[in-house]
Amino acid sequence: MATAPLSFDIEPAAPCIHCGICLESCPTYVLTRLETESPRGRIHLMQEIATGRIELTSSARLHLDRCLACRACEAVCPSGVGYGELIENARASFEEHGVVRRSGPMRWVRRALLSLVADPARLEGVAGLMALYERTGLRRFVRASGLRAALPRRLRRLEGLYPPLTRPRYRRAPVPTVTRARVALLLGCVMRVAYGDVHTAAARVLSRLGVEVVEVPAQTCCGALHAHAGERPDAKALARRNIAAFEAAGVDAIVVDAAGCGAHMKGYGHLLADEPEWAARAEAFAAKVRDVTEYVASLGGGTLGRLPMRVTYQSPCHLGHAQRITEQPRALLRRVEGLELIEMAEPEMCCGSAGSYNIQQPELADALLARKIAAIEATGAEAVVSANPGCMLQVQSGLAERGRDLPVLHVVEILDRAMR
Ligand code: SF4
Ligand code: SF4
C-alpha cells in the first residue's frame, strides 16, 4: 500500500546498477548471507521507503539499523554510490519524522549523552567523577571478584567498553626551533577525556618533525556522533562552531587522530551545503582536514626512530573506507626500525564497534569482534595498532574478555615511542 514518503534524499543511490560487487565486503552480509542485510538490499529498501512504495515497518527498520555505516560497500563500488550519505539521510529523516519510538527514559539518556559530548567543559567534569570507578579500585574488584561475569550481558558489555578515564590528559608539545608548518589538533569529545595521551603523542611527533601545533580553545566535538544518530541540526551547529574556531587559528591544516571524527569533518562542506553563509567556509575548512597518519606521511622523510616490536594493524572503517587511507599508516609503521608489521586476515573488516552498534546490535557486534580477535591472535603480534578510539576500545574489550592483555596502541603512540 502506498504511504506518505519519508522524503529523504536518495540521489546518492542513483548510480547503483545492482551488480552486487559490494556484497562480499559487507560485514553483515558476510555473517548472514541475506540480501536484506547487504548494501544492495538496503539501497533498494531505502529507495522504496523514500518514494513511498513501501512502509517503514519494524523489520525494514531492523535491516537498516543493522547497517554499521562502515562504508566498506562504498569503497569497492565501481559506480560511485554514496552509501554513507544515503544511510545518514535515511536516519536523519527517521528522527525528523519521529518514526523512531523510544521510551521516556531512553529518550532522556540519549539526549543527555549527546548534549554532554557536545560540551567539553561539562564532559571533563563528568569524566572526572566517572574516573572514580577506576581510581577507587572498584573496577579491578568487579573484574577480579567475578562480579562482572555475573552481570547481565548488556551491562557486562557496557562495563567492558567503559573508556579509560584515568589516562593523562592532553599536554602541549614544545614549539619546534625551525617551523615548517602550523597545524591545529582536534581534541574532540571522547578522545579528549579517554585518550588525551594519544593527542600528546600526536603533538610530540608533529613537533619533532618541525610542525607547530597551535591551540584552539574554542573548538568542540566534531558532531559525528550526532550525525550518525540522525540528529542533523545538532551536527550542523557543532560544525559551525568548529569552523569559526579553527578559522580564527589560521593554520595550514587541521589534524585529526580519531578516524571517525576526521571522516565526518571532511564532509562539513556537504553538511552545510544548503546554508549560504556557511557553505564556502565549510568547504574551505574540510579541505584542510587531514588524518594524522595522512599528514605525517605527507611530510616525507626517512626513518621514524626505532622500536623493536611485532605488531598488527587494524584498519578503522572511517579511515580505510570513508577516507580511503590504507597505505599511509602502514608506510609510517614500516619506517620504524626494528618494528615488524604482520598483516592480519581481513584487516579492513569492521571490528563491530561502529559508534553504539555494539550496544544496539550485540549479536552481530560480538560475531564481528570474535572474528577480529581470532585474526589478531593468528598473527602472534605483541600489540595491535589502530587509529580510532572506538576500534581501540572495542578490540581492547574483546582481548580482555578472552583474558589476553595485548596492548592496543594508536599509530602515533608507536611513532612517539620510536622517536623518543
Ligand atoms: S552499491 Fe555499487 S557495488 Fe553495490 S550493487 Fe550498487 S553499484 Fe553494485
Ligand atoms: S555500510 Fe557497511 S554494514 Fe552497511 S551496507 Fe555498507 S558494508 Fe554493509
- In Å², what does the accessible area per residue of the chain work out to with a 1.4 Å probe? 43
- Note on the structure: Given backbone amide H placed at 1.01 Å from N, residues whose amide H is under 5 Å from that of His410, ignoring those fewer than 5 places away on the same chain, are Ser386
- Message: Within 12 Å, Cβ to Cβ, of Tyr83, how many net charges do the neighbouring residues add up to if Lys/Arg are +1 and Asp/Glu are -1?
- Response: 0
- Task: In whole angstrom, note down how far apart the Cα centers of segment 335-371 and segment 146-161 are.
- Result: 20
- the chain: Cys lacking any partner C-beta under 4.7 angstrom: Cys16, Cys19, Cys26, Cys67, Cys77, Cys351, Cys391
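Over the chain, calculate the relative contact order: mean separation of alpha carbon pairs under 8 Å at least 6 apart, over the residue count, as a percent.
Relative CO of the chain lands at 14 percent.
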- Query: Over the chain, what percent of the accessible surface lies on carbon and sulfur atoms, probe 1.4 Å?
  - Reply: 56
- Query: Near the amide H of Leu339, under 5 Å away, which other amide H atoms are found, from residues 5 or more places off or on another chain, if H is placed in the peptide plane?
  - Reply: Leu307, Met309
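Once you keep just the Cα pairs under 8 angstrom separated by 6 or more residues, what percentage relative contact order results for segment 315-414?
27
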- Any idea what diffusion coefficient segment 66-117 gets from Stokes-Einstein, in µm²/s, Kirkwood Rh on alpha carbon pairs, 4 °C, 1.567 mPa s? 98
- Note on the structure: Measure of exposure for Arg91: accessible area at 1.4 Å probe, Å² rounded to 10, is 50
- Task: Just tell me which lysines come within less than 29 Å, Cα to Cα, of Lys372; anything on the same chain fewer than 8 places away is out.
- Result: Lys266
- proj_area_mean for the chain (convex hull on C-alpha atoms), units nm², value 20.8
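So, counting K/R as plus one and D/E as minus one, what does the shell of residues with Cβ under 13 Å around Pro15 add up to?
Details: positive: Arg40; negative: Glu11, Glu74, Glu85.
Local charge sum for Pro15: -2.
According to the square roots a ≥ b ≥ c of the eigenvalues of the Cα gyration tensor, what is the shape class of segment 279-420, taking rounded for a/c under 1.5, prolate for a/b larger than b/c otherwise, and oblate for the remainder? List each step's numbers first, then the result.
Numbers: a/c = 2.27, a/b = 1.12, b/c = 2.02.
Oblate is the answer for segment 279-420, as a/c is 1.5 or above yet b/c matches or exceeds a/b.
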- Note on the structure: segment 192-232 scanned against label point 7 Å out from Ala244 along Cα→C-beta; backbone N under 20 Å for 215-224, 226-227, 232
- Message: Tell me the Rg and the Dmax, in Å, that the Cα atoms of segment 254-339 produce.
- Response: 15.7, 53
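Calculate the FRET efficiency for Asp366 and Arg33 from the Cβ-Cβ distance with a Förster distance of 30 Å, rounded to the nearest 0.05.
0.95
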- Task: Would you give the gap between the C-alpha center of segment 26-62 and the C-alpha center of segment 230-291, rounded to a whole Å?
- Result: 30
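The values are calculated or read from the model by the stated rules, or taken from the named source; none is laboratory data. These numbers were taken from a predicted model, which means no experiment stands behind them. Because the Cβ atoms are built from the backbone with ideal geometry, glycine has one as well, and the counts that use them run over all protein chains shown. Accessible surface is based on the protein model in full, side chains and every heavy atom, while ligands, DNA and RNA are left aside. Shrake-Rupley method; radii C 1.70, N 1.55, O 1.52, S 1.80 Å.
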